[in-house]
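Worksheet for the structure shown next.
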Amino acid sequence: MSKIITKPELTFTEALNEAKGKLVQFTGRSRRSEYWWCALAVFVVNLVLGWIPLIGGVISILTGLAMIPLSFRRLHDSGHSGWWYGVSMILGIVIFFLLMSLLVAAGLSTDSNISFESLQTILLSSSAIILIVLYLIGLILGIVILVFLLQDSKPYPNKYGASPKYVMEDETAMSDFVEN
């Protein structure tokens, strides 16, 4: 008869070392403790170095890029496709470029003298409505992804690999080992 054994949670340094070893690996699974310790480390690094203009920006981009594969693996661990996160990123890029195009259009249409009427016209345009709808979709998608990231590991192997948290142990083999 098999028994499921739960491995202890990863410590801060164990989580960082585990993530560092799989820095560009999109396949496989990552535990909640690995993901959230790394997210905390990225947050603190960005908070501290964010005050340094050029270096802070570069570090923020690099740490953000390093979290992408980890997010994919964490979603795999909870039994979901990593492309939930990928679609969220693509949607964010589309929203960013649409917003930038609206701001450029606002600046060009008023010769850098933005009045309330021109802003109202731009905000009521079809592009702005599309932007608002995409933003709301992104917000809902972000909440769904957060719920997935917070879910516990699936104890059994799934299509993304074996569970990094739970181990199947054969009770008969273990009792034979203990008796000898």
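For the pair the range 1-29 / the range 56-90, the C-alpha centres are spaced 16 Å from each other. Annotation: extensible slack from Ile130 through Lys159 equals 6.8 nm (criterion: 0.36 nm per residue apart, minus Cα-Cα distance). Rolling a 1.4 Å probe across all protein chains gives Ser81 an accessible area of roughly 40 Å². Placing R0 at 30 angstrom, the Cβ-Cβ distance between Leu141 and Leu49 gives a FRET efficiency of 0.55 after rounding to 0.05. Phi angles across the range 132-147 convert, under the Karplus curve 6.51 cos²θ - 1.76 cosθ + 1.60 with θ = phi - 60°, into 3J(HN,Hα) values of 5, 5, 4, 5, 5, 4, x, 5, 5, 4, x, 5, 4, 5, 4, 4 Hz, Gly and Pro given as x.
Charges on Cβ only, +1 for Lys and Arg, -1 for Asp and Glu, centred on the Cα centroid of the range 22-101; of Tyr85, Tyr35, Leu49, which one is farthest towards the dipole's positive end? In the range 22-101, that residue is Tyr35.
The values are calculated or read from the model by the stated rules, or taken from the named source; none is laboratory data. All figures in this text were calculated on a predicted structure; none of them were measured in a lab. Here Cβ is always computed from backbone atoms with ideal geometry, including for glycine, and neighbour counts include all displayed protein chains. These area figures cover heavy atoms from the full protein model, side chains too; ligands, DNA and RNA do not enter into them. Shrake-Rupley method; radii C 1.70, N 1.55, O 1.52, S 1.80 Å.
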